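Written out below as structure tokens is the structure these notes cover.
The values are calculated or read from the model by the stated rules, or taken from the named source; none is laboratory data. Values in this document were obtained by computation on a predicted structure and should not be read as measured data. All Cβ positions, glycine included, derive from the backbone under ideal geometry; neighbour counts span all protein chains shown. Protein only, heavy atoms only, side chains kept; ligands, DNA and RNA dropped before computing areas. Shrake-Rupley method; radii C 1.70, N 1.55, O 1.52, S 1.80 Å.
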Amino acid sequence: ARDLSLDLEVANEGTDAAYIVQVTGSTATNGVTCLNCSASAAPLLGNLVGSNPGPAASHGLTLKYDIPPSVSNFTATVGASAQDGCGNGYTYP
């Protein structure tokens, strides 16, 4: 079907909690498109506690890509956003 499911894990490696963690999109080369990375379909991962006082939290997710028939390789970049405890927003990458 030329579909690729990619299992990922997002972890909070910081000491403080990250709030409203969400995938915001994905760009890919060679005509590949992410099927569940648009703003309306992007996975909401919720809140991830930091490593202070205990181990950092992580959350698994699966992204699904549509691969055109002629493509044998591609590169994808996944964007995410989060807020800190004061409501300041951050985007990655």
Nearest-10 value in Å² for the accessible area of Leu8, using the 1.4 Å probe:
60
Given a 1.4 Å probe and every protein chain left where it sits, what share in percent of the accessible area of the stretch 1-44 is carbon and sulfur?
53
Is the chain best put as rounded, prolate or oblate by its Cα gyration tensor, with a ≥ b ≥ c the root eigenvalues, rounded for a/c under 1.5, and otherwise prolate when a/b is larger than b/c, oblate when not?
prolate
Accessible area per residue in Å² at 1.4 Å probe, computed on the chain:
62
Under a plain spin-label model, where a point goes 7 Å from the Cα along Cα-to-Cβ, how far apart in nm are Leu61 and Tyr92?
1.1
Among Gly54, Gly25, Gly46, the residue with the largest mean-square fluctuation in a Gaussian network model of the chain built from Cα contacts under 10 Å is Gly54
Please build a GNM for the chain, connecting alpha carbons under 10 Å apart, and tell me which residue among Ser51, Ser70, Ser81 fluctuates the most.
Ser70
